[in-house]
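Notes follow the structure.
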Amino acid sequence: QVIEDDPRYWEVMSSALSVGWLDIVVKMLRLHGSYQLDQLSYRELENGLVEAVAVLISKMPRLRHESAVGNLGDCFKSKPDFIKAWEKWRSQITKLDCSPFWIQCDNQQTREGLRNLLQVMLGNTESLCTASCYWIELYISHFLYIRPFTTGIESMYNLAQKCIQLKPPTGTHRLTGLMIGILAENTEVVLAEISREFGPWMVAHAVELLTAGSEQAEILLHDERYNLGGISMMELHRLAYAQVLSSHALTWQIAPIYLTSCMKQGMGLLENLLYRQSVQHNNLLLKNIEICRLYGLDYISSNIMKVAGVYHWKHGRKGAGVYWLQQSQDTNCLNRIAQQLFDSVGKSISDESFKQWEGIIELLGSESKPAGGLEFLHKYRDFKKSLQMVYSGKSADAARQAVGSLILLMKNPSTPQRFWLTLLYDSLKLLNWKDSPLLSVSETHLLLNKLQELSLARQRPQFTEPSLPPQALSSIRLALATNLGRAILDE
């Protein structure tokens, strides 16, 4: 009889029963010594009382749809059925409490312990207070045994204050103030406690709970305030949490969720956040652009791609720079790049520097609308390729194709004047083609007119002389004159 003779055995069961741990209490009751086979014969009455209390505890009515497998208590889905079962259950407890069998029980500790459990189930305030260790346990026991039909939050605050007086807490806990604020339905106290004890995440999400079904909280949290810069308290707390997220490399991607829900100042802060992200790393850049796409921030996405393009171009990654500038549709930057390329193209066909720019010219494309000088670069690239085929000994078809490219370049207004002479000098082999003249009379006149325009343009101070041999102009004039005479004879 070691177990039931220990006072803690009955104390623990009273405490567990006061907070509704029915399974624990029944298991501990079944550890009672009267269940031992060698003692059952002379402790039959005592065992019957223990078993009766255990059965009553296991049959305690619960207002819920169903209970987890193995959990004790009879579940009732509707309140009328629950009330009826509750009253019947309480009458059974009262009947057992008034039974004459208690007088016949010789074991005093068992008798007192079991009757104390009955008093707990009957809602005896003194027994509940003794069984409880903390005020919150006493508070819960009131709803289990004294006020089982309570609905809503009415008078819960006063009950909590009463329980705190009966069971004063030995120390302060950060949940205590929060719970008291919730029970008192004081939104400002709840926000203050959460802000002080739990931090910005809890505040940002608690706002959603506080406004559910509460008009007073809705007004308090959603009204715009002059002293907050025209924003509401709800927006203020979301902005505060978004700023916390924005300050860390691993969480900044979550911040847009909160910023986009703040209509007053959120979008401006989101723009600053996106602009602050580095464009050096491609994965981060793609993530930034994806966030812009998700929230419809196309103009920010375009600016970010423009910054990325300029950054890569300045750091020597020309292809990546051109790609991002094209994605941003920045015609001004692309035109400036085209102007830079003008200094590296248009030289002699033997110059190898053109090859390093050929890929960039391909990236830039041939359309003149996005960037004016790009059409010339693309056509010049095609002309150079045709000339290389001619110089490598290809057929007359390649020569005719090269002449066609030359005429297109000279006719096109996007071809800069300072490249005319270079184009003609590179085409000397075409102008002096042995088999037959490749240029017609009209085409030759076009090129001669271009030379005439160049002679007039040389008089202007801003004219830039191409880096060609001294006899280049004479060679071009002779070749054009020869081709003109041969073309006139052929025609």
Residue within region 33-41 that is under 13 Å from Gly113 (Cβ atoms) and assigned to a helix (DSSP H, G or I) present:
yes
Among (1) open to solvent by 60 Å² or more (accessible area, probe 1.4 Å); (2) at pLDDT 65 or above; (3) in a loop (DSSP other than H, G, I, E, B), the one test that Asp397 misses:
(3)
Selection within region 235-254 - part of a loop (DSSP other than H, G, I, E, B) and open to solvent by less than 50 Å² (accessible area, probe 1.4 Å)
Thr251
Please indicate, with yes or no, whether at least one residue in region 272-286 is in contact with a Ser or Thr (Cβ under 6 Å, 6 or more places away or on another chain), in contact (Cβ under 8 Å) with a residue 24 or more places away in the chain and surrounded by 20 or more Cβ atoms within 10 Å (Cβ to Cβ).
yes
Helices (runs of 4 or more DSSP H) wholly inside region 256-323 that include at least 1 residues being in contact with a Cys (Cβ under 7 Å, 6 or more places away or on another chain) and not basic (Lys, Arg)
266-276, 298-314
Could you grab the pairs with beta carbons closer than 9 Å, sequence gap of 6+ or different chains, first residue in region 45-61 and farther than 13 Å from Ala16 by Cβ and in contact (Cβ under 8 Å) with a residue 24 or more places away in the chain, second one open to solvent by less than 20 Å² (accessible area, probe 1.4 Å) and charged (D, E, K, R)?
Val50/Glu4
Being over 23 Å from Met179 (Cβ atoms), open to solvent by less than 20 Å² (accessible area, probe 1.4 Å) and either of a type in the set (Ser, Thr, Tyr) or over 44 Å from the mean Cα position of the chain (by Cα) (or both), is that true of even one residue in region 136-150?
no
Restricting attention to region 46-75, which residues are assigned to a helix (DSSP H, G or I) and surrounded by 15 or more Cβ atoms within 10 Å (Cβ to Cβ)?
Glu46, Asn47, Leu49, Val50, Glu51, Ala52, Val53, Ala54, Leu56, Ile57, Ser58
Taking Ile103 as the residue in question, decide whether it is of a type in the set (A, V, I, L, M), within 30 Å of Ser34 (Cβ to Cβ) and in contact with a Leu (Cβ under 8 Å, 6 or more places away or on another chain).
no
For region 76-114, give me the residue count where each residue is open to solvent by 40 Å² or more (accessible area, probe 1.4 Å), of a type outside the set (A, V, I, L, M) and free of Cβ contacts under 8 Å to residues at least 40 places away in the same chain.
16
Wholly enclosed helices (runs of 4 or more DSSP H) of region 82-190 bearing at least 2 residues of a type outside the set (Val, Ile, Thr) and over 30 Å from Tyr42 (Cα atoms)
125-131, 135-141, 156-166, 174-183
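The values are calculated or read from the model by the stated rules, or taken from the named source; none is laboratory data. Since the model is a prediction, treat every value here as computed from it, not as a measurement. Using ideal geometry, Cβ is built from the backbone for each residue, glycine included, and neighbour counts are taken over all protein chains shown. Only protein heavy atoms, including side chains, enter the accessible area calculation; ligands, DNA and RNA are left aside. Shrake-Rupley method; radii C 1.70, N 1.55, O 1.52, S 1.80 Å.
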